[in-house]
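Some notes on the structure that comes next.
The values are calculated or read from the model by the stated rules, or taken from the named source; none is laboratory data. The model shown is predicted, which means the values in this text are computed figures rather than measured ones. Here Cβ is always computed from backbone atoms with ideal geometry, including for glycine, and neighbour counts include all displayed protein chains.
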Amino acid sequence: MPYSSGVNEQFEIVDLFTSEESDFLMGHSTPFFSNYSPPASTTRSPQFKALHGSLDFTIQFTIHRRRVPLFFVKIKTFRSLKQLSARASADKQMREGYREFASSNISTPTLYGLSAFGPQFSVYTYDPASGYLAPPEIPHDLRYLNDVAPKDRWAYNLLEEAGRRRRNTMTIDQSLIPPTSP
């Protein structure tokens, strides 16, 4: 099912090669709310994070219900998708985000996260019961420079049908789960 014209417009008004990660925030948050009417106890919190010791910058958008994370997105610029270091940083940030969330009570069977470079995104899933996080981490090779976060991991595009289907499936799953903690 296509998004409303407002969702497409959020990406159309953004220069795909902008250096401002925040330009993509509405494009990623609007589809969630166009398919899901969150209860009053749901909070949405955009966070602007600079990495320590780096000029790299990431926008994080988290949706909580009663302090339980339901869904989060970390956004980088589309133009940085081609850089090995940016993809490695994005993967590391997602894993660190899950480590932070795992320190608290996660009462959902699956915690979804999106790593996005503009409209391109990769889906991360965490199973709190088993501790399994997908996609699996690719270890750094100690002798050779290897790609620890291959570009094809960000194969979904929010503006294409396959990307919309994947995003909608993930959103619907999370919207049906009531948290058990206060």
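For region 128-142, which positions are outside any loop (DSSP other than H, G, I, E, B) and of a type in the set (A, V, I, L, M, F, W, C)?
Residues of region 128-142 that are outside any loop (DSSP other than H, G, I, E, B), as a first pass: 132-134.
Scanning region 128-142 gives Leu133, Ala134.
Mind listing whichever residues of region 121-164 are charged (D, E, K, R) and modelled with pLDDT under 95? Let's see the steps before the verdict.
Let us first name the residues in region 121-164 that are charged (D, E, K, R), namely 127, 137, 141, 143, 147, 151-153, 160-161, 164.
Selection gives Asp127, Glu160, Glu161, Arg164.
Please find, within region 140-168, the residue that is surrounded by the fewest Cβ atoms within 10 Å (Cβ to Cβ) out of those that are aliphatic (A, V, I, L, M) and closer than 15 Å to Phe117 by Cβ. Talk me through it step by step, then tell me what you get.
We begin by selecting, within region 140-168, every residue aliphatic (A, V, I, L, M); these are 142, 145, 148-149, 155, 158-159, 162.
Keeping just the survivors that are closer than 15 Å to Phe117 by Cβ gives 149, 155, 158-159.
Values: Ala149: 21, Ala155: 15, Leu158: 24, Leu159: 17.
Among those residues, the one meeting the criterion is Ala155.
Quick one: count up the residues across region 143-171 that are touching a Lys or Arg at 6+ places or on another chain (Cβ under 9 Å), closer than 21 Å to Ala88 by Cβ and part of a loop (DSSP other than H, G, I, E, B).
Final tally of qualifying residues: 4.
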